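Following: one structure in structure tokens, then a few remarks.
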Amino acid sequence: MTPSSDRLCESKQVLRQRAGQLRDMAAAGNAQRDLAEMTEALGAILRRNDCRVLGGYHPIRSEFDVLPLVDMAWQAGLQTALPVVTSRDQPLEFRRWRVGEPVRQGRFGVAEPLGDAPVIVPDVLLVPGLAFDSHGGRLGYGGGFYDRTIAAFDEQGRTALTIGVCFKEQLFEAVPRETHDRRMDCILFA
């Protein structure tokens, strides 16, 4: 590693810690947040982009709970899916799932669809993270799963619309980026 890459990694680690604390506090006070505006915005994005398959996530820790948004997409006629970690260095695989169906605990304690759920390819992804900025910058946990997944979609010619989802407390002026870090197409926050 070069001195500049060491500083960037250190900067990311400091921001991860701070953003995680802010997210925890926001999640603890989330009971009164209104999802109506966020649901309306996502619905408009899905219609405008003629989306057919939405890849969501099952929240862990204090991540923003997108399950009501995933359910709204299902009710609007989209197929919905959750990610599955197949290996530490591989892109995520998405399996069809709708809110209310059973899940199992996958790698890293993440809830995922049962093993017989069909693999489907989303054309829109709801992406969790610790920090986001107004330029589409995103800081995750450091595993690179979403960066690899988005890169693999691009390499296969399967461009997916990427939507970062967070609490407003997770928005920062700038998120440190490395060359492999993928930008979000837009950010939805409550």
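Read-outs throughout are calculated quantities, based only on the coordinates presented, and are distinct from any laboratory measurement. For clarity, every value in this text was computed on a predicted model and none was experimentally measured. Using ideal geometry, Cβ is built from the backbone for each residue, glycine included, and neighbour counts are taken over all protein chains shown.
Some values worked out for this structure:
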{"item": "Distance (nanometres) between label positions extended 7 Å along Cα→Cβ at Ala151 and Gln17", "result": "2.7"}
{"item": "Nearest 10 degrees, 0 to 90: helix 36-48 Cα axis against the chain principal axis", "result": "80"}
{"item": "Residue of Arg107, Arg96, Arg16 that the Gaussian network model of the chain assigns the largest fluctuation, springs spanning Cα pairs under 10 Å", "result": "Arg107"}
{"item": "Residue-wise HN-Hα coupling along the range 8-16, computed from phi with Karplus coefficients 6.51, -1.76, 1.60 (Hz; x: Gly, Pro)", "result": "5, 4, 5, 4, 4, 5, 4, 5, 4"}
{"item": "Label-point separation in nm, Ser134 to Ala41, each point 7 Å along Cα→Cβ", "result": "1.3"}
{"item": "Ascending count of other beta-carbon atoms within 10 Å, so fewest first, for Phe153, Phe64", "result": "Phe153, Phe64"}
{"item": "Between 0 and 90°, nearest 10: helix 145-155 axis offset from the chain longest Cα axis", "result": "70"}
{"item": "The range 3-189 - percent relative contact order, Cα under 8 Å, separation 6 or more", "result": "23"}
{"item": "Sequence-separation-based contact order of the range 115-161, relative, with Cα cut under 8 Å and 6+ spacing, percent", "result": "38"}
{"item": "Evaluated over the range 72-144, the Cα radius of gyration and Dmax, each in Å", "result": "13.4, 39"}
{"item": "Structure-derived percent of Cα pairs over 27 Å apart - corresponding label in (i) 25; (ii) 36; (iii) 42", "result": "(i)"}
{"item": "Cα centroid separation, the range 54-69 to the range 145-185 (Å)", "result": "16"}
